[in-house]
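Just below is one structure, and these are the notes that go with it.
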Number of protein chains: 2
Amino acid sequence: MLTKKAYYAFQALTHLVEKYNEGPVLISEIAEERKIPLKFLENILLHLKNTGILDSKKGKGGGYFLKNSPSEIKIAKVFRLIDGPIAMLPCVSLYFYQRCENCNEKFCGLHDILVEVRDATLAIMENRTLADLILRDKNPVGGLVSPEM
Amino acid sequence: MLTKKAYYAFQALTHLVEKYNEGPVLISEIAEERKIPLKFLENILLHLKNTGILDSKKGKGGGYFLKNSPSEIKIAKVFRLIDGPIAMLPCVSLYFYQRCENCNEKFCGLHDILVEVRDATLAIMENRTLADLILRDKNPVGGLVSPEM
DNA sequence: AAAAAGTCTACCGGTTTGGTAGGGTGTTTA
DNA sequence: TAAACACCCTACCAAACCGGTAGACTTTTT
């Protein structure tokens, strides 16, 4: 499960994507609109800044904003920055790999299954970006093609 | 990430699958061979018994054993019994669903992505069973078909 | 200089995790 | 029938993590 920290991070990023190119956004605005505890959000945004996702401006007219285009930041990256490994065991992780002491990966059935899970998860998370977080109508009244038919 | 409890559970189950139809297996045997703290393992096996995966026999010649055939127990089930939800957010979970307060699922991009992740994960975990945990040779010297070619 | 707004350090209570201790209970066998 | 065997049950515990708070500090703008 995602931690609340990661959940809040994604909410805040969603907000910043919606306001992309509208200049810096106040922490307090995000906190209020997304119902995130202010001081907790401060930590999160600062962390996202220190890891290169966000940038900020102090003083009047300041706030936080995305450093790069939303479509350049993969969901997987954000996830790893906040919550760490995506894989379900260290011996299956690409970015946080650690050998497991008690089992031989070559003959561990669990290892196999969790590698599959990891790959299936990454196939999605590495191909979605912050741009995919924002509102799109999921049930358009008319279809895309031949809406009258 | 899996908790240690779940990891140990899968190790113990793997052991019991290997000894399936050889009668009850001692907790102490599993603990020793799989290097799992004995008293911790007791808890885990008892839990797996109480939830219907395992059965046990007391007294001399006793021990734990699988209640049903290994191929009848899905990996997803064991996972849920020990670690709970497979989904990454409560609002995306099938077995542990909870509405999220701050966002409208219909217009939440994160929700969409995590539903995809859930489905991809379940496609694997619901189609693998305890039988898939045991040793198979992953790199046979000869192929399955026309090994000489 | 004052106000605005992010930055930094520190702390803290509650829950979960990963165990440990020790006696209780049911079964088998000598 | 009693000893040995092996699981069962309750309770406890330390460390880590999670979610959040407090408050002073720095930088920027007006």
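Just name the residue that is modelled with the lowest pLDDT out of those in the stretch A:92-111 that are buried (at least 18 other Cβ atoms within 10 Å of the Cβ) and not hydroxyl-bearing (Ser, Thr, Tyr). Give the steps one after another, and end with the answer.
Initially, the stretch A:92-111 is screened for residues buried (at least 18 other Cβ atoms within 10 Å of the Cβ), giving A:92-93, A:103, A:108-111.
Remaining after also requiring not hydroxyl-bearing (Ser, Thr, Tyr): A:92, A:103, A:108-111.
Details: A:Val92: 96, A:Cys103: 76, A:Cys108: 87, A:Gly109: 90, A:Leu110: 95, A:His111: 95.
Among those residues, the one meeting the criterion is A:Cys103.
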- [ ] Residue by residue through the stretch A:104-125, note down the ones that are closer than 21 Å to B:Lys74 by Cβ and not in a helix (DSSP H, G or I).
- [x] A:Cys108
- [ ] Give me a count of the residues in the stretch A:56-69 that are more than 12 Å from DNA strand D (Cβ to nearest atom) and farther than 11 Å from A:Val25 by Cβ.
- [x] 3
TODO: Confirm whether A:Glu18 is among the acidic types (Asp, Glu) and free of Cβ contacts under 8 Å to residues at least 40 places away in the same chain.
DONE: no
TODO: Specify which of the listed residues (B:Tyr97, B:Tyr8) is away from DNA strand D (no atom under 13 Å from the Cβ), more than 10 Å from chain A (Cβ to nearest Cβ) and either in a loop (DSSP other than H, G, I, E, B) or out of contact with any Ser or Thr (no Cβ under 8 Å at 6 or more places or on another chain) (or both).
DONE: B:Tyr97
Open item on the list: Can you find, within the stretch B:41-53, the residue that is nearest to the other protein chains (Cβ to nearest Cβ) among those that are more than 8 Å from DNA strand D (Cβ to nearest atom) and surrounded by 13 or more Cβ atoms within 10 Å (Cβ to Cβ)?
Closed with: B:Leu41
Task: Test: residue in the stretch B:70-86 that is closer than 30 Å to A:Ala131 by Cβ, at the interface with chain A (Cβ under 10 Å from one of its Cβ atoms) and within 16 Å of DNA strand D (Cβ to nearest atom) - done: yes
TODO: Select from the stretch A:11-40 the residues that are within 10 Å of chain B (Cβ to nearest Cβ) and surrounded by fewer than 19 Cβ atoms within 10 Å (Cβ to Cβ) and list them in ascending order.
DONE: A:Glu33, A:Arg34, A:Lys35
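Filter the stretch A:24-68 for residues that are assigned to a loop (DSSP other than H, G, I, E, B) and away from DNA strand C (no atom under 11 Å from the Cβ); which is nearest to the chain's Cα centre (by Cα)? Break it down stepwise before answering.
Going through the stretch A:24-68, the residues assigned to a loop (DSSP other than H, G, I, E, B) turn out to be A:24, A:26, A:35-37, A:51-53, A:58-62, A:67-68.
The next check asks that each one be away from DNA strand C (no atom under 11 Å from the Cβ); those that pass are A:35-37, A:51-53, A:67-68.
Values: A:Lys35: 18, A:Ile36: 16, A:Pro37: 19, A:Thr51: 13, A:Gly52: 13, A:Ile53: 10, A:Lys67: 15, A:Asn68: 14 Å.
Filtering first and then ranking leaves A:Ile53.
The values are calculated or read from the model by the stated rules, or taken from the named source; none is laboratory data. Note that the coordinates shown come from a computational prediction; the quantities given were computed from them, not determined experimentally. Quick reminder, even Gly has a Cβ in these numbers, built from the backbone with ideal geometry, and neighbours come from all protein chains shown.
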